[in-house]
Ligand SMILES: [Ca+2]
Ligand SMILES: [Ca+2]
Ligand SMILES: [Ca+2]
Ligand SMILES: [Ca+2]
């Protein structure tokens, strides 16, 4: 009888702690990670379920339209009739820095607070492109900021900057790039802010853009996830077959960098091998 009473006490003590971990307005699930839902605005539509500052627009395609600057070194063939299309669904999120005028904002931010459990990662794709030049090194990043222990350094997910040799003046990433945050380790689980920023760095002029799509929180497979949906199955084989022997060198096509699992610039049997080794791994909830 005494033991039963102790159990009750433990339960009563734990209960408020559980509610504290999951407040009413925060779910343990990423909302609108595919940016298919938006809220109509005066100048542009912002993503539903995300907190936004400055230019954060849900669009059905993207083409740079800088006030000044240039996109002459972008690594994709881009024209008004050949814009960047969503990675998945019908829309993507575009963040932009300020343009010519001094009172323009220097940065654009989006964030969402979420509970991350052991083994979970934030995954998805991004594209970074700049109309600015070195030494005005605009940059963009995604990081996970612990809300339970704010003194802990943020977990970096990706970081791109104009002065990185892979980008350069008026440059870009070569296409949609996959990202995956380091999995949450035992003891790190808790509330996090998924924080994303694109910034002018030094001044207020010459736009830089960050595009995002296909974001989700899950327990990813070790490898083999060609289509970035957190599981290894027939859809990955289908994407490999669709892009069979496609090479990054070919300027006429947009190479699916996110699907090039071994990073050798070609979609071939290496990807099939990685799918086989990791077959049916991942998050099938
Ligand atoms: Ca989408
Ligand atoms: Ca700039
Ligand atoms: Ca997959
Ligand atoms: Ca490859």
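Output yes when any residue across region 43-51 is within 25 Å of residue 107 (Cα to Cα) and modelled with pLDDT under 95, and no when none is. Give the steps one after another, and end with the answer.
Here is the first cut: in region 43-51, the residues within 25 Å of residue 107 (Cα to Cα) are 43-51.
Now drop any that are not modelled with pLDDT under 95, which leaves 43-44.
Within region 43-51 (the criterion being within 25 Å of residue 107 (Cα to Cα) and modelled with pLDDT under 95), the answer is yes, since at least one residue qualifies.
Only one of 245, 191 is in the same structural domain as residue 47 (by TED's automatic domain parsing) and either touching a residue at least 60 places away in the same chain (Cβ under 8 Å) or within 16 Å of ligand 4 (Cβ to nearest atom) (or both). Can you tell me which? Give the steps one after another, and end with the answer.
Details: 245 fails: in the same structural domain as residue 47 (by TED's automatic domain parsing).
From the options 245, 191, the qualifying one is 191.
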Review point. Does residue 259 satisfy being within 16 Å of ligand 4 (Cβ to nearest atom) and not assigned by TED's automatic domain parsing to the domain that holds residue 88?
Key: yes
Revision key, fill the gap. In region 233-258, anything under 16 Å from residue 179 (Cα atoms), touching a strand residue (DSSP E or B) at 6+ places or on another chain (Cβ under 9 Å) and within 13 Å of ligand 3 (Cβ to nearest atom) is listed as 258
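Quick one: which residue in 39, 18, 103 is surrounded by fewer than 20 Cβ atoms within 10 Å (Cβ to Cβ), more than 30 Å from residue 259 (Cα to Cα) and at pLDDT 95 or above? Break it down into steps so the answer makes sense when it comes.
Values: 18 fails: at pLDDT 95 or above; 103 fails: at pLDDT 95 or above.
One residue alone meets the criteria, 39.
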Exercise for review: Collect the residues in region 121-137 that are outside any strand (DSSP E or B) and surrounded by 24 or more Cβ atoms within 10 Å (Cβ to Cβ), keeping them in residue-number order.
Suggested key: 131, 132
**Study point:** residue 32, sole failed condition from (1) farther than 25 Å from residue 227 by Cα; (2) outside any strand (DSSP E or B)
**Key:** (1)
Review point. What about residue 152, is it in a loop (DSSP other than H, G, I, E, B) and at pLDDT below 95?
Key: yes
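Quick one: count up the residues across region 228-285 that are at positive phi and within 20 Å of the chain's Cα centre (by Cα).
Residues flagged as at positive phi and within 20 Å of the chain's Cα centre (by Cα) within region 228-285 amount to 4.
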Check your understanding: Among (1) assigned to a loop (DSSP other than H, G, I, E, B); (2) more than 16 Å from ligand 1 (Cβ to nearest atom); (3) outside the structural domain of residue 184 (by TED's automatic domain parsing), where does residue 206 come up short?
Key -> (3)
Practice item. Could you run through region 221-242 and say how many residues are surrounded by 19 or more Cβ atoms within 10 Å (Cβ to Cβ), within 13 Å of ligand 4 (Cβ to nearest atom) and assigned to a loop (DSSP other than H, G, I, E, B)? Key: 2
Review point. Is region 267-278 home to any residue that is surrounded by fewer than 14 Cβ atoms within 10 Å (Cβ to Cβ), touching a strand residue (DSSP E or B) at 6+ places or on another chain (Cβ under 6 Å) and over 22 Å from residue 85 (Cβ atoms)?
Key: no
Exercise for review: Return yes or no: is residue 188 buried (at least 16 other Cβ atoms within 10 Å of the Cβ), over 28 Å from residue 253 (Cα atoms) and out of contact with any strand residue (DSSP E or B) (no Cβ under 7 Å at 6 or more places or on another chain)?
Suggested key: yes
Review point. Does residue 177 count as within 16 Å of ligand 4 (Cβ to nearest atom), under 30 Å from residue 265 (Cβ atoms), in contact (Cβ under 8 Å) with a residue 60 or more places away in the chain and under 13 Å from the mean Cα position of the chain (by Cα)?
Key: yes
Practice item. Residue by residue through region 195-213, note down the ones that are within 11 Å of the chain's Cα centre (by Cα), buried (at least 23 other Cβ atoms within 10 Å of the Cβ) and more than 20 Å from residue 174 (Cβ to Cβ). Key: 196
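The values are calculated or read from the model by the stated rules, or taken from the named source; none is laboratory data. Remember, it's a predicted structure, so these values are computed and weren't measured experimentally. Cβ: placed from backbone, ideal geometry, glycine included. Neighbour counts: every protein chain shown.
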